[in-house]
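Take a look at the structure below.
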Amino acid sequence: MKRQFTYILSIIFLFVISSCKKPEVNSSFEENIKIKMTETVDSVNRVLNLNCFTEKIFECSNYGIEATYTLTDNKITINFIRIISPNICLTSLGPASTIISLNGLANKTYELEINFGANKIAGQLNVTTDSFVATLPTQTKVQFVNSDLKRIPNNTIYGQVHFHSASTSSLVQKFIDTLQLYGATPTLYPQGDYGQFQIDANRQIIQTQDFGYYFTRYYIFNYSNNSAQLKDLVKRFGINYPNLLLITLNTTKGETFYSWTQ
């Protein structure tokens, strides 16, 4: 009996030891990665989001990427570990993806290290008041979709109006004119990609037609007054013209107002 008891204790001990071992990580990550930078802005924080996705398109659009990262005073280290298969498949096609959010970046140059198991790619991320600029050596494993992301200045409002008929354009202009009546002022912005919109060589917001709508009007203004009147304005247009247009208005305080939600 004593021998059997000792044997059982030995089995339990081995089980506990094995359960404490860290899961194995593959020494390689096979897929190529694309990274699109965006910035989340509110009244307190500015967060750089690295939207990472595979070049490969999977049979389910909700495949994930297991990744970790560390942020120190002078270095950002990202580790891509493995592709995560979903328990329930969203049947539309899509890449595997994950988002890495970097909060509290100072205006300076960070060493950027991206690891795929034993493979390492070293570059830099230069952070300034006006932009994020990522630099990597020429290779195919990881690439930035937008290696130079412009930063939205403080006291900025921006958004778009969607509508389905050219006859509604006068109503859209009425909304734009009212914004300026409330204190929004046209401003020239540096050319480049701002994540949610683009500024052209004439330093004006680029007008593109968004998928699913016949017409889209993009707008951007400097605005430092109270946001409450903007919220009321968007709400009023939504109540009065619910079937004619859809308005989205964003502020650099982190607010977003929609005409279809009251």
**OP:** Could you please tell me which pairs satisfy a Cβ distance under 8 Å, a separation of 6+ or placement on different chains, a first residue in the stretch 195-209 that is over 23 Å from Arg46 (Cβ atoms), and a second residue that is among the basic types (Lys, Arg) and surrounded by 15 or more Cβ atoms within 10 Å (Cβ to Cβ)?
**Re:** Gln207/Arg217
Original post:
Is it the case that the stretch 214-227 has a residue that's over 28 Å from Thr128 (Cβ atoms), hydrophobic (A, V, I, L, M, F, W, C) and more than 23 Å from the chain's Cα centre (by Cα)?
Top reply: yes
Subject >> Cross-chain or 6+ apart pairs with Cβ under 6 Å, the stretch 65-77 first and acidic (Asp, Glu), then surrounded by 12 or more Cβ atoms within 10 Å (Cβ to Cβ) >> reply: Glu66/Ile81; Glu66/Arg82; Glu66/Ile84
Subject >> Of all residues making up the stretch 110-156, the number that are of a type in the set (Val, Ile, Thr), open to solvent by less than 40 Å² (accessible area, probe 1.4 Å) and either touching a Cys at 6+ places or on another chain (Cβ under 6 Å) or more than 30 Å from Ile220 (Cβ to Cβ) (or both) >> reply: 3
Original post:
What number of residues within the stretch 112-131 satisfy the criterion of being farther than 30 Å from Tyr189 by Cβ and part of a strand (DSSP E or B)?
Top reply: 9
Original post:
Only one of these conditions is not met by Tyr158: (1) touching a residue at least 40 places away in the same chain (Cβ under 8 Å); (2) under 16 Å from the mean Cα position of the chain (by Cα). Which number is it?
Top reply: (2)
**OP:** Go over the candidates Ile247, Ile199 one by one and state the one that is in contact with a helix residue (DSSP H, G or I) (Cβ under 6 Å, 6 or more places away or on another chain), surrounded by 18 or more Cβ atoms within 10 Å (Cβ to Cβ) and among the β-branched types (Val, Ile, Thr).
**Re:** Ile247
Original post:
Hey, does the stretch 224-236 have a residue that's in a helix (DSSP H, G or I), open to solvent by less than 50 Å² (accessible area, probe 1.4 Å), within 29 Å of Val44 (Cα to Cα) and touching a Phe, Trp or Tyr at 6+ places or on another chain (Cβ under 6 Å)?
Top reply: yes
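The values are calculated or read from the model by the stated rules, or taken from the named source; none is laboratory data. All figures in this text were calculated on a predicted structure; none of them were measured in a lab. All Cβ positions, even for glycine, are placed from backbone atoms using ideal geometry, and neighbour counts span all protein chains on display. SASA here: full protein model, heavy atoms, side chains in, ligands and nucleic acids out. Shrake-Rupley method; radii C 1.70, N 1.55, O 1.52, S 1.80 Å.
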